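What follows is a set of notes on a single structure, which appears directly below.
The values are calculated or read from the model by the stated rules, or taken from the named source; none is laboratory data. Computed from a predicted model, the values in this text were never measured in an experiment. All Cβ positions, even for glycine, are placed from backbone atoms using ideal geometry, and neighbour counts span all protein chains on display. For accessibility, only protein heavy atoms count, side chains too; no ligands or nucleic acids. Shrake-Rupley method; radii C 1.70, N 1.55, O 1.52, S 1.80 Å.
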Amino acid sequence: YSVRPVFIVGSLCVGVGSLCGSYTRTFPMVLVNSLIMGAGIGNSGFAASGILAPWFIKRRGTFLLLGMSGGGFGGFVYALVFEYVKLAFHEGDIACTIDSTDPSACEEWRPALRWVGGISSLLMLLASMFMRLPDEGEVEAYEGETDQKETVKEEGTVTSDDDTEDTGSLGCDYTLIESSLQSTEENGHQYEQTRSLLNNAKHEDQQPELSFIEVLQTRTAICIVCWSIAFGACLDSYSVFIPPFAESIGLSSQVGALALSVSGLALMIGNLTLGVVADRFSHVLVMQLCMVALTGACIGWPFCKSEWSLILVSCCVGYFFTCTSLFVSILTNAYEHTAKGCIMTVT
């Protein structure tokens, strides 16, 4: 079909999971709602990066991380907003102290989850209306035209079509040639001859399409899947345990929320800066450096004893969480010509 219904289903799952989760009182229902929320995030949040990456080739890392920086900004805003929404539904510390033995006491998080989850679902539904993947050759044609205009501007002369006949072996822009053929008045014999040469060139350059099973057997996919399992454990541990960890060392719950918020802001800054570095050097190299730095930050996290040390570690963790977006560009670079349909599935 298309990516739009996938994104719409994911958005609805986030809304339904938030609504049902706010009324959950048994552990089996917690698991059910977790599955619903997980399906929603997988079909919306993670799918967004898979939709964005194919739209760029030469500056894929820069624009992919620029787009995903919204996730960092959302994390920065979400943690603080959720705390303030909880306070808005808080009935007072005295009531919580009196009813501390009642499981339903101090449950301001329930209406807060409904409001925040509903707003998030609505925003994702609106975004899904504009989601689509590029058509075959659309990106190549656009970037080819852009490069040609930049070349003309730099040289100060207009390059004729005859001067650009040599497409070379570095990557022929077939879509641009086809559009030139349609707009050029040639006689029938010359047109058919050129069209035949173009089709032969496309057939020679075409690589076999891999199935999903064949993709999973490749080294890149295996490494990415193993990395995702390890990184998911790290990300979940940090997001879940930072607030209670702050309270365990004598800090307030607001400090824990602030730490999560700061990590979201650092993630946004990391996306805005490391994408340019990845395009300049190597996506794989930058991802490796991010993982090494992230390992050091996670090892140092349990040794935090003060507010400033916790905020500092949160900044480091958030900044190097950028690798959550870089792996999508690595997958796209590896499979965009041989298994384009499998990129979002592996993601």
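Annotation for the range 22-29: at least one member residue is under 17 Å from residue 117 (Cα atoms) and either open to solvent by less than 10 Å² (accessible area, probe 1.4 Å) or aliphatic (A, V, I, L, M) (or both).
Keeping to the range 328-341, report how many residues are of a type in the set (A, V, I, L, M, F, W, C) and surrounded by fewer than 21 Cβ atoms within 10 Å (Cβ to Cβ). Looking only at that region, the number is 1.
Show the residue pairs meeting these rules: Cβ distance below 7 Å; 6+ apart or different chains; first residue within the range 59-78 and open to solvent by 40 Å² or more (accessible area, probe 1.4 Å); second residue of a type in the set (A, V, I, L, M, F, W, C) and in a helix (DSSP H, G or I). Final answer for the pair search is 66/272; 67/52; 71/267; 73/268; 76/265; 76/268.
Any residue that is under 23 Å from residue 125 (Cβ atoms), open to solvent by 40 Å² or more (accessible area, probe 1.4 Å) and modelled with pLDDT of 85 or more - is there at least one of those in the range 39-57? Yes, that holds for at least one residue.
The requirement of being part of a helix (DSSP H, G or I) and touching a residue at least 12 places away in the same chain (Cβ under 8 Å) is not satisfied by residue 29.
As a summary of the residue check, residue 34 satisfies the conditions (1) modelled with pLDDT of 85 or more; (2) open to solvent by less than 50 Å² (accessible area, probe 1.4 Å) except for the one numbered (2).
Applying the condition of being within 26 Å of the chain's Cα centre (by Cα) and open to solvent by 20 Å² or more (accessible area, probe 1.4 Å) to the range 306-323 and asking which residue is farthest from residue 253 (Cα to Cα) yields 320. Consider the range 79-122 and keep the residues that are surrounded by 13 or more Cβ atoms within 10 Å (Cβ to Cβ) and not in a helix (DSSP H, G or I). The one that is modelled with the highest pLDDT is 108. Just so you know, in the range 313-346 the residues that are assigned to a helix (DSSP H, G or I) and hydroxyl-bearing (Ser, Thr, Tyr) include one that is farthest from residue 209 (Cα to Cα), and it is 314.
For beta carbons closer than 6 Å, sequence separation of 6+ or different chains, a first residue in the range 220-238 that is farther than 22 Å from residue 313 by Cα and a second that is surrounded by 13 or more Cβ atoms within 10 Å (Cβ to Cβ), the qualifying pairs are 220/334; 221/215; 221/346; 224/327.
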